[in-house]
Amino acid sequence: MPRYDLHCHSTHSDGLLAPAALVELAAARGVDVLALTDHDEVSGLREARAAAAAVGIGFVCGSELSVSWGRHTIHVVALGIDPEAPALVSGLAAIRAGRTHRARRMADALAEAGIRGAYEGAMRYVTSERLVSRTHFARFLVEAGHVREVKDVFRRYLSPGKPGYVAHEWATLPQAIEWIRAAGGQAVLAHPGRYKVTKTGMRRLLGEFRDGGGDAIEVLSSSHTRDQFTEFATYARVFGLRASSGSDYHGPGESWLDLGDLPELPAGVVPVWQDW
Ligand code: AMP
Ligand code: MN
Ligand code: MN
Ligand code: MN
(Lines give C-alpha, C1' and ligand atoms only; values in the text may rest on other atoms or scores of the structure.)
(Ligands and ions follow the chains in the order given, each with its own letter.)
Protein backbone atom coordinates (compact mmCIF):
# COMPACT_ATOMS: atom_id res chain seq x y z
CA MET A 1 0.00 0.00 0.00
CA PRO A 2 1.60 3.35 -1.00
CA ARG A 3 1.73 6.00 1.70
CA TYR A 4 -0.22 9.14 0.93
CA ASP A 5 -0.03 12.52 2.66
CA LEU A 6 -2.43 14.85 0.90
CA HIS A 7 -2.39 17.97 3.09
CA CYS A 8 0.61 20.06 4.16
CA HIS A 9 1.93 23.62 4.13
CA SER A 10 5.15 25.31 3.02
CA THR A 11 6.64 28.79 3.40
CA HIS A 12 4.32 29.87 0.57
CA SER A 13 1.59 30.01 3.24
CA ASP A 14 2.03 29.31 6.97
CA GLY A 15 4.39 26.32 6.94
CA LEU A 16 7.96 26.47 8.21
CA LEU A 17 9.73 24.57 5.40
CA ALA A 18 10.30 25.64 1.80
CA PRO A 19 8.54 23.43 -0.78
CA ALA A 20 11.67 21.49 -1.78
CA ALA A 21 12.68 20.90 1.85
CA LEU A 22 9.17 19.67 2.63
CA VAL A 23 9.25 17.21 -0.29
CA GLU A 24 12.69 15.95 0.74
CA LEU A 25 11.47 15.42 4.30
CA ALA A 26 8.42 13.55 3.00
CA ALA A 27 10.61 11.27 0.90
CA ALA A 28 12.93 10.63 3.85
CA ARG A 29 9.89 9.74 5.97
CA GLY A 30 8.67 7.16 3.44
CA VAL A 31 5.84 9.10 1.80
CA ASP A 32 5.09 7.75 -1.68
CA VAL A 33 2.61 10.42 -2.79
CA LEU A 34 2.57 13.97 -1.42
CA ALA A 35 0.19 16.85 -2.10
CA LEU A 36 1.28 20.39 -1.22
CA THR A 37 -1.82 22.35 -0.18
CA ASP A 38 -0.84 25.89 0.80
CA HIS A 39 -3.63 28.17 1.99
CA ASP A 40 -5.26 30.03 -0.94
CA GLU A 41 -2.06 29.67 -2.95
CA VAL A 42 -0.40 27.63 -5.71
CA SER A 43 2.93 29.47 -5.99
CA GLY A 44 4.95 26.73 -4.24
CA LEU A 45 3.83 23.91 -6.53
CA ARG A 46 6.43 24.34 -9.24
CA GLU A 47 9.36 24.00 -6.80
CA ALA A 48 7.68 21.10 -4.98
CA ARG A 49 6.91 19.22 -8.18
CA ALA A 50 10.52 19.53 -9.39
CA ALA A 51 11.81 18.36 -6.00
CA ALA A 52 9.44 15.37 -6.04
CA ALA A 53 10.68 14.38 -9.51
CA ALA A 54 14.28 14.66 -8.28
CA VAL A 55 13.75 12.44 -5.23
CA GLY A 56 11.40 10.07 -7.08
CA ILE A 57 8.14 10.37 -5.16
CA GLY A 58 4.65 11.00 -6.52
CA PHE A 59 3.38 14.56 -6.35
CA VAL A 60 -0.13 16.03 -6.51
CA CYS A 61 -0.76 19.73 -7.09
CA GLY A 62 -3.03 21.05 -4.36
CA SER A 63 -4.25 24.06 -2.42
CA GLU A 64 -6.44 24.67 0.66
CA LEU A 65 -9.19 27.19 -0.01
CA SER A 66 -10.71 29.37 2.72
CA VAL A 67 -14.50 29.40 2.53
CA SER A 68 -17.26 31.16 4.48
CA TRP A 69 -20.24 28.92 5.16
CA GLY A 70 -22.78 30.90 7.11
CA ARG A 71 -20.88 32.25 10.11
CA HIS A 72 -18.34 29.42 9.87
CA THR A 73 -14.97 29.39 8.17
CA ILE A 74 -14.36 26.06 6.52
CA HIS A 75 -11.47 24.79 4.42
CA VAL A 76 -11.68 22.93 1.13
CA VAL A 77 -8.59 21.09 -0.08
CA ALA A 78 -8.12 20.92 -3.84
CA LEU A 79 -6.24 17.90 -5.20
CA GLY A 80 -4.97 17.29 -8.73
CA ILE A 81 -5.50 20.84 -9.95
CA ASP A 82 -3.94 22.57 -12.92
CA PRO A 83 -2.22 25.45 -11.08
CA GLU A 84 -2.58 27.68 -14.11
CA ALA A 85 -6.32 27.29 -14.61
CA PRO A 86 -7.56 30.91 -14.95
CA ALA A 87 -10.71 30.63 -12.79
CA LEU A 88 -8.74 29.06 -9.95
CA VAL A 89 -5.86 31.53 -10.20
CA SER A 90 -8.19 34.55 -10.09
CA GLY A 91 -10.35 32.99 -7.40
CA LEU A 92 -7.34 32.39 -5.15
CA ALA A 93 -6.10 35.93 -5.75
CA ALA A 94 -9.50 37.23 -4.66
CA ILE A 95 -9.42 35.15 -1.44
CA ARG A 96 -5.88 36.31 -0.62
CA ALA A 97 -6.65 39.96 -1.32
CA GLY A 98 -8.44 40.56 1.98
CA ARG A 99 -5.76 39.01 4.19
CA THR A 100 -3.48 42.03 4.70
CA HIS A 101 -6.35 44.32 5.63
CA ARG A 102 -7.66 41.68 8.01
CA ALA A 103 -4.20 41.42 9.58
CA ARG A 104 -4.23 45.20 10.25
CA ARG A 105 -7.61 44.87 11.92
CA MET A 106 -6.41 41.90 13.98
CA ALA A 107 -3.44 43.95 15.18
CA ASP A 108 -5.80 46.84 16.11
CA ALA A 109 -8.01 44.41 18.02
CA LEU A 110 -5.01 42.92 19.84
CA ALA A 111 -3.76 46.44 20.68
CA GLU A 112 -7.11 47.11 22.34
CA ALA A 113 -6.55 43.96 24.37
CA GLY A 114 -3.18 45.40 25.48
CA ILE A 115 -0.88 43.66 22.98
CA ARG A 116 1.21 46.17 21.06
CA GLY A 117 3.16 45.71 17.86
CA ALA A 118 1.32 42.61 16.70
CA TYR A 119 1.25 43.59 13.02
CA GLU A 120 5.01 44.16 12.83
CA GLY A 121 5.55 41.12 15.03
CA ALA A 122 3.45 38.83 12.83
CA MET A 123 5.13 40.20 9.71
CA ARG A 124 8.49 38.98 11.03
CA TYR A 125 7.10 35.44 10.70
CA VAL A 126 5.54 35.94 7.29
CA THR A 127 7.49 34.07 4.61
CA SER A 128 5.45 35.06 1.54
CA GLU A 129 4.41 38.67 1.05
CA ARG A 130 1.30 37.27 -0.67
CA LEU A 131 -0.02 35.56 2.44
CA VAL A 132 -0.37 36.55 6.09
CA SER A 133 -2.29 34.16 8.34
CA ARG A 134 -3.40 33.84 11.94
CA THR A 135 -0.56 31.33 12.37
CA HIS A 136 1.96 34.17 11.92
CA PHE A 137 0.24 36.13 14.69
CA ALA A 138 0.22 33.00 16.84
CA ARG A 139 3.97 32.51 16.47
CA PHE A 140 4.57 36.17 17.40
CA LEU A 141 2.30 35.97 20.46
CA VAL A 142 4.21 32.93 21.71
CA GLU A 143 7.57 34.61 21.05
CA ALA A 144 6.45 37.75 22.87
CA GLY A 145 5.51 35.63 25.89
CA HIS A 146 1.76 36.34 25.88
CA VAL A 147 1.00 32.61 25.77
CA ARG A 148 3.09 29.49 26.09
CA GLU A 149 1.94 27.45 23.08
CA VAL A 150 0.47 28.14 19.65
CA LYS A 151 -2.73 26.22 20.42
CA ASP A 152 -3.32 28.39 23.51
CA VAL A 153 -3.06 31.51 21.35
CA PHE A 154 -6.01 30.34 19.29
CA ARG A 155 -8.01 29.46 22.40
CA ARG A 156 -7.31 32.78 24.14
CA TYR A 157 -6.95 35.31 21.34
CA LEU A 158 -7.56 34.23 17.77
CA SER A 159 -10.83 32.24 17.65
CA PRO A 160 -14.37 33.58 17.25
CA GLY A 161 -15.42 35.59 20.30
CA LYS A 162 -11.83 36.20 21.47
CA PRO A 163 -10.16 39.66 21.54
CA GLY A 164 -7.93 39.26 18.47
CA TYR A 165 -10.46 37.58 16.20
CA VAL A 166 -11.70 39.47 13.16
CA ALA A 167 -14.52 37.96 11.14
CA HIS A 168 -13.78 37.74 7.44
CA GLU A 169 -15.68 36.87 4.25
CA TRP A 170 -13.85 34.25 2.20
CA ALA A 171 -15.10 32.47 -0.95
CA THR A 172 -18.51 30.79 -0.98
CA LEU A 173 -18.68 26.99 -1.00
CA PRO A 174 -20.13 26.80 -4.56
CA GLN A 175 -17.40 29.17 -5.82
CA ALA A 176 -14.59 27.13 -4.28
CA ILE A 177 -15.92 23.84 -5.67
CA GLU A 178 -16.46 25.38 -9.08
CA TRP A 179 -12.90 26.79 -9.29
CA ILE A 180 -11.44 23.44 -8.24
CA ARG A 181 -13.48 21.48 -10.73
CA ALA A 182 -12.73 23.95 -13.52
CA ALA A 183 -9.04 23.31 -12.76
CA GLY A 184 -9.61 19.57 -13.15
CA GLY A 185 -9.23 18.85 -9.44
CA GLN A 186 -11.10 17.03 -6.71
CA ALA A 187 -12.67 19.01 -3.84
CA VAL A 188 -12.06 17.62 -0.36
CA LEU A 189 -13.73 18.99 2.77
CA ALA A 190 -10.76 19.54 5.11
CA HIS A 191 -10.76 18.44 8.78
CA PRO A 192 -14.56 18.38 9.25
CA GLY A 193 -14.11 17.52 12.92
CA ARG A 194 -12.87 21.05 13.56
CA TYR A 195 -16.07 22.85 12.67
CA LYS A 196 -18.23 23.94 15.59
CA VAL A 197 -21.51 22.66 14.18
CA THR A 198 -24.23 20.40 15.57
CA LYS A 199 -24.82 16.93 14.09
CA THR A 200 -27.63 18.45 12.05
CA GLY A 201 -25.29 21.21 10.87
CA MET A 202 -22.66 18.65 9.86
CA ARG A 203 -25.23 16.71 7.84
CA ARG A 204 -26.33 19.92 6.15
CA LEU A 205 -22.71 20.87 5.37
CA LEU A 206 -21.91 17.41 3.96
CA GLY A 207 -25.12 17.37 1.93
CA GLU A 208 -24.44 20.81 0.43
CA PHE A 209 -20.83 19.90 -0.22
CA ARG A 210 -21.70 16.66 -2.01
CA ASP A 211 -24.64 18.11 -3.96
CA GLY A 212 -22.47 21.06 -5.01
CA GLY A 213 -19.92 18.70 -6.58
CA GLY A 214 -17.60 17.93 -3.66
CA ASP A 215 -15.71 14.63 -3.96
CA ALA A 216 -14.29 13.63 -0.59
CA ILE A 217 -13.84 14.44 3.08
CA GLU A 218 -10.67 14.29 5.10
CA VAL A 219 -11.03 11.30 7.40
CA LEU A 220 -7.46 11.15 8.65
CA SER A 221 -6.17 14.54 9.85
CA SER A 222 -4.10 15.85 12.73
CA SER A 223 -7.16 17.94 13.65
CA HIS A 224 -9.03 14.70 14.40
CA THR A 225 -8.89 12.31 17.32
CA ARG A 226 -8.77 8.58 16.64
CA ASP A 227 -12.50 8.39 17.42
CA GLN A 228 -13.10 11.05 14.78
CA PHE A 229 -11.22 8.92 12.20
CA THR A 230 -14.00 6.36 12.66
CA GLU A 231 -16.77 8.95 12.88
CA PHE A 232 -15.82 10.65 9.62
CA ALA A 233 -15.24 7.36 7.82
CA THR A 234 -18.88 6.62 8.61
CA TYR A 235 -19.99 10.05 7.35
CA ALA A 236 -18.03 9.44 4.12
CA ARG A 237 -19.79 6.11 3.55
CA VAL A 238 -23.24 7.44 4.40
CA PHE A 239 -22.88 10.51 2.16
CA GLY A 240 -21.22 8.66 -0.72
CA LEU A 241 -18.07 10.78 -0.47
CA ARG A 242 -14.53 9.50 -0.86
CA ALA A 243 -12.03 9.58 1.99
CA SER A 244 -8.78 11.52 2.15
CA SER A 245 -5.75 11.41 4.40
CA GLY A 246 -3.47 14.32 5.27
CA SER A 247 -1.28 15.33 8.19
CA ASP A 248 -1.83 19.11 7.77
CA TYR A 249 1.86 19.37 8.61
CA HIS A 250 3.10 22.95 9.17
CA GLY A 251 6.57 22.25 10.58
CA PRO A 252 8.47 20.32 13.22
CA GLY A 253 6.48 19.93 16.44
CA GLU A 254 3.38 21.86 15.33
CA SER A 255 0.90 18.96 15.11
CA TRP A 256 0.43 15.53 16.68
CA LEU A 257 0.79 13.74 13.32
CA ASP A 258 4.20 14.17 11.75
CA LEU A 259 4.56 14.53 7.97
CA GLY A 260 3.46 11.23 6.38
CA ASP A 261 2.66 9.73 9.77
CA LEU A 262 -0.84 8.52 8.85
CA PRO A 263 -2.49 5.20 9.62
CA GLU A 264 -4.43 3.25 6.97
CA LEU A 265 -7.89 4.54 6.12
CA PRO A 266 -10.65 2.76 8.05
CA ALA A 267 -12.21 -0.18 6.18
CA GLY A 268 -15.19 0.39 3.93
CA VAL A 269 -14.34 3.84 2.56
CA VAL A 270 -13.36 4.66 -1.02
CA PRO A 271 -10.01 6.48 -1.02
CA VAL A 272 -9.88 9.82 -2.82
CA TRP A 273 -6.99 8.37 -4.86
CA GLN A 274 -9.07 5.40 -6.13
CA ASP A 275 -8.95 6.51 -9.78
CA TRP A 276 -5.48 8.09 -9.85
P1 AMP B 1 -6.18 31.84 8.70
O2 AMP B 1 -6.38 31.14 7.40
O3 AMP B 1 -5.32 33.05 8.59
O4 AMP B 1 -7.47 32.14 9.42
O5 AMP B 1 -5.34 30.88 9.63
C6 AMP B 1 -5.78 29.57 9.84
C7 AMP B 1 -4.61 28.74 10.31
O8 AMP B 1 -4.40 28.92 11.69
C9 AMP B 1 -4.86 27.26 10.16
O10 AMP B 1 -4.54 26.81 8.89
C11 AMP B 1 -3.92 26.67 11.16
O12 AMP B 1 -2.63 26.63 10.63
C13 AMP B 1 -3.96 27.69 12.25
N14 AMP B 1 -4.91 27.32 13.33
C15 AMP B 1 -6.22 27.54 13.38
N16 AMP B 1 -6.76 27.09 14.54
C17 AMP B 1 -5.72 26.55 15.24
C18 AMP B 1 -5.59 25.94 16.51
N19 AMP B 1 -6.64 25.78 17.31
N20 AMP B 1 -4.36 25.52 16.89
C21 AMP B 1 -3.29 25.70 16.08
N22 AMP B 1 -3.35 26.28 14.88
C23 AMP B 1 -4.54 26.71 14.45
MN1 MN C 1 -2.36 26.68 8.38
MN1 MN D 1 -7.27 24.00 7.44
MN1 MN E 1 -4.08 23.02 6.33
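The values are calculated or read from the model by the stated rules, or taken from the named source; none is laboratory data. Since the model is a prediction, treat every value here as computed from it, not as a measurement. In this analysis, Cβ positions are derived from the backbone assuming ideal geometry, glycine residues included, and neighbour counts consider all displayed protein chains. Heads up: the accessible areas ignore ligands, DNA and RNA and are worked out on the full protein's heavy atoms, side chains in. Shrake-Rupley method; radii C 1.70, N 1.55, O 1.52, S 1.80 Å.
With respect to the conditions (1) within 16 Å of ligand 3 (Cβ to nearest atom); (2) touching a residue at least 60 places away in the same chain (Cβ under 8 Å); (3) farther than 29 Å from Arg105 by Cβ; (4) out of contact with any helix residue (DSSP H, G or I) (no Cβ under 8 Å at 6 or more places or on another chain), Ala187 lacks only one, and its number is (4). For the range 31-38, the count of residues that are at negative phi and within 11 Å of ligand 1 (Cβ to nearest atom) is at least one.
Scan the range 34-54 and give yes if some residue there is surrounded by fewer than 21 Cβ atoms within 10 Å (Cβ to Cβ), touching a residue at least 24 places away in the same chain (Cβ under 8 Å) and among the β-branched types (Val, Ile, Thr), otherwise no. No, there is no match, as no residue in the range 34-54 is surrounded by fewer than 21 Cβ atoms within 10 Å (Cβ to Cβ), touching a residue at least 24 places away in the same chain (Cβ under 8 Å) and among the β-branched types (Val, Ile, Thr).
If you take the residues in the range 70-97 that are assigned to a strand (DSSP E or B) and surrounded by fewer than 21 Cβ atoms within 10 Å (Cβ to Cβ), which one is farthest from ligand 1 (Cβ to nearest atom)?
Going residue by residue through the range 70-97, those that are assigned to a strand (DSSP E or B) are 72-79.
Okay, now just the ones that are also surrounded by fewer than 21 Cβ atoms within 10 Å (Cβ to Cβ), so 72-73.
Values: His72: 12, Thr73: 7 Å.
Out of the qualifying residues, it is His72.
Being crowded, with 19+ Cβ neighbours inside 10 Å, in a helix (DSSP H, G or I), within 16 Å of ligand 3 (Cβ to nearest atom) and touching a residue at least 24 places away in the same chain (Cβ under 8 Å) is a condition met by at least one residue of the range 165-175.
For the subset of the range 217-238 comprising residues that are charged (D, E, K, R) and open to solvent by 30 Å² or more (accessible area, probe 1.4 Å), which member is farthest from Gly62 (Cα to Cα)?
Initial filter on the range 217-238 (charged (D, E, K, R)): 218, 226-227, 231, 237.
Still in the running and open to solvent by 30 Å² or more (accessible area, probe 1.4 Å): 226-227, 231, 237.
Values: Arg226: 25, Asp227: 27, Glu231: 25, Arg237: 24 Å.
Across the range 217-238, the extreme among qualifying residues is Asp227.
Return the residue satisfying two criteria in turn: it lies in the range 191-216 and is outside any loop (DSSP other than H, G, I, E, B) and closer than 20 Å to Asp258 by Cα, and of such residues it is least open to solvent (accessible area, probe 1.4 Å).
So the first thing to find is which residues in the range 191-216 are outside any loop (DSSP other than H, G, I, E, B), and the list is 192-194, 199-211, 216.
Narrowing further to those that are closer than 20 Å to Asp258 by Cα: 192-194.
Details: Pro192: 0, Gly193: 23, Arg194: 112 Å².
Restricting to residues being outside any loop (DSSP other than H, G, I, E, B) and closer than 20 Å to Asp258 by Cα, the top hit is Pro192.
Quick check: is even one residue across the range 13-32 among the charged types (D, E, K, R), open to solvent by 30 Å² or more (accessible area, probe 1.4 Å) and part of a loop (DSSP other than H, G, I, E, B)? Please lay out each step first, then the result.
Filtering the range 13-32 for residues among the charged types (D, E, K, R) gives 14, 24, 29, 32.
When the remaining residues are screened for being open to solvent by 30 Å² or more (accessible area, probe 1.4 Å), the result is 24, 29, 32.
Restricting the remaining residues to those that are part of a loop (DSSP other than H, G, I, E, B) gives 29, 32.
Yes - at least one qualifying residue is present in the range 13-32.
Within the range 239-260, can one find any residue that is surrounded by fewer than 21 Cβ atoms within 10 Å (Cβ to Cβ), of a type in the set (Phe, Trp, Tyr) and not in a loop (DSSP other than H, G, I, E, B)? For the range 239-260, residues surrounded by fewer than 21 Cβ atoms within 10 Å (Cβ to Cβ), of a type in the set (Phe, Trp, Tyr) and not in a loop (DSSP other than H, G, I, E, B): present. Once the range 59-73 is narrowed to residues that are touching a helix residue (DSSP H, G or I) at 6+ places or on another chain (Cβ under 7 Å) and not aromatic (Phe, Trp, Tyr), the residue that is nearest to Phe209 (Cα to Cα) is Val67.
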